[in-house]
1. Could you list, in sequence order, the residues of segment 247-277 that are more than 14 Å from residue 303 (Cα to Cα), free of Cβ contacts under 8 Å to residues at least 12 places away in the same chain and part of a helix (DSSP H, G or I)?
2. How many residues does segment 134-148 contain that are under 19 Å from the mean Cα position of the chain (by Cα) and either closer than 20 Å to residue 258 by Cα or among the hydrophobic types (A, V, I, L, M, F, W, C) (or both)?
3. Of everything in segment 136-164 that's within 16 Å of residue 209 (Cα to Cα) and of a type in the set (Lys, Arg), which residue is surrounded by the most Cβ atoms within 10 Å (Cβ to Cβ)?
4. For segment 24-113, list the helices (runs of 4 or more DSSP H) that sit wholly inside it and hold at least 3 residues that are over 26 Å from residue 134 (Cα atoms) and modelled with pLDDT of 95 or more; which are they?
5. Checking the structure you have, find out if any residue of segment 269-276 is hydrophobic (A, V, I, L, M, F, W, C), in contact with a Phe, Trp or Tyr (Cβ under 6 Å, 6 or more places away or on another chain) and more than 25 Å from residue 142 (Cβ to Cβ).
6. Inspect all residues belonging to segment 201-213 and state whether any of them is of a type in the set (A, V, I, L, M), more than 24 Å from residue 127 (Cα to Cα) and part of a helix (DSSP H, G or I).
7. For residue 184, only one of the following conditions fails: (1) outside any strand (DSSP E or B); (2) crowded, with 22+ Cβ neighbours inside 10 Å. What is its number?
8. Can we say residue 76 is farther than 23 Å from residue 216 by Cβ, basic (Lys, Arg) and touching a strand residue (DSSP E or B) at 6+ places or on another chain (Cβ under 7 Å)?
Amino acid sequence: MLWGFYAEKKREPMPLFSIIMPCYNAETYLAEAVGSALGQSEPDFELIVVDDGSTDRSLEVLAQFHDPRIQILQQKNQGAAAARNQGIQKAQGEWIAFLDADDLWLPDKLQTARAAIALGGSRLGLWHHNYREFGAFGERAANPLKLAQGLRLEGEVYADLIIHNFIATLTVVARKAALEQAEGFDQGLRGPEDWDLWIKISQAWEVGYCPKPLAKYRQLVTGLSKNYKLYEKEIYKVLQRHLLSSGNKKAIAQGLWIHHRHMAHGFARQKERALSLSHWLKALRARPRAASNWSSLLWILLKLL
């Protein structure tokens, strides 16, 4: 009897990491984003690109890559949350990382994540890191972490995370079991579904953090045209769901101050004078002794000129 004839085909080992990349009409920056994933010093991963009904040359760009670790899924246009959820469902890795089709990772991102996971233990459900912003306005340190002063970025962070979203999606490496337990991204939210998911994970798992910038978030000029009226409503849904229902008085004041200050700045960029000043006044009422209220007002008035 020839053993080789009857032997089962050897199975490929499951990767440690699954990288999920939603893609919608991303032909301009897609190759660079994919290249930054394939250029990782840690090779134990699969890259799942979920094309969300692109009508440009995105699929042609992807066809130029011949790395066996790349898997391409297609769906009708449903949004990034649905694309990420499909990627999570198909992922083989124990840990899931997220990279959008216009952002970049530094080469040692996954290698650093592997070391953090090894040290984190069975209670670690999500790990994130610092990042930088680049693109239309040059390169600079990430803004979300500036508003996170005084908040815990690692450990049991639920009470801090409901105040402010200091976890950027492109920095997240999450245990697949934690994502599934939290039931993935809420496709009913339009914008802050990532914040909602990180909060739900932090209720049951510990969070790890690395202060080293390991990714670069691309800022585009088109980002200035964000629909802030819709964004305001969607963010407030998450605040109501978590902070306003379970936060203490001090946490609620801090969270509302950050929210209204953020909205005041956003509406000022869009020359929405009444909405901007209304949100600034609400921020002032939330934390009347915050000295930065006045520098914020000056910035707003200059933008409104």
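1. Hits for segment 247-277 are 249, 250, 252.
2. 9
3. Among those residues, the one meeting the criterion is 152.
4. Filter on segment 24-113 gives 80-90.
5. Initially, segment 269-276 is screened for residues hydrophobic (A, V, I, L, M, F, W, C), giving 274-275.
So of that shortlist, the ones also in contact with a Phe, Trp or Tyr (Cβ under 6 Å, 6 or more places away or on another chain) come out as 275.
From the residues that got through so far, the ones that are more than 25 Å from residue 142 (Cβ to Cβ) too are 275.
There is at least one residue in segment 269-276 that is hydrophobic (A, V, I, L, M, F, W, C), in contact with a Phe, Trp or Tyr (Cβ under 6 Å, 6 or more places away or on another chain) and more than 25 Å from residue 142 (Cβ to Cβ).
6. Scanning segment 201-213 turns up no residue that is of a type in the set (A, V, I, L, M), more than 24 Å from residue 127 (Cα to Cα) and part of a helix (DSSP H, G or I).
7. Here residue 184 meets the rest and fails (2).
8. Considered against the rule, which asks whether it is farther than 23 Å from residue 216 by Cβ, basic (Lys, Arg) and touching a strand residue (DSSP E or B) at 6+ places or on another chain (Cβ under 7 Å), residue 76 comes out as no.
The values are calculated or read from the model by the stated rules, or taken from the named source; none is laboratory data. Note that the structure is predicted; figures quoted are calculated from it, not measured. Every residue, glycine as well, gets a Cβ built from its backbone with ideal geometry; the counts of neighbours run over all protein chains shown.
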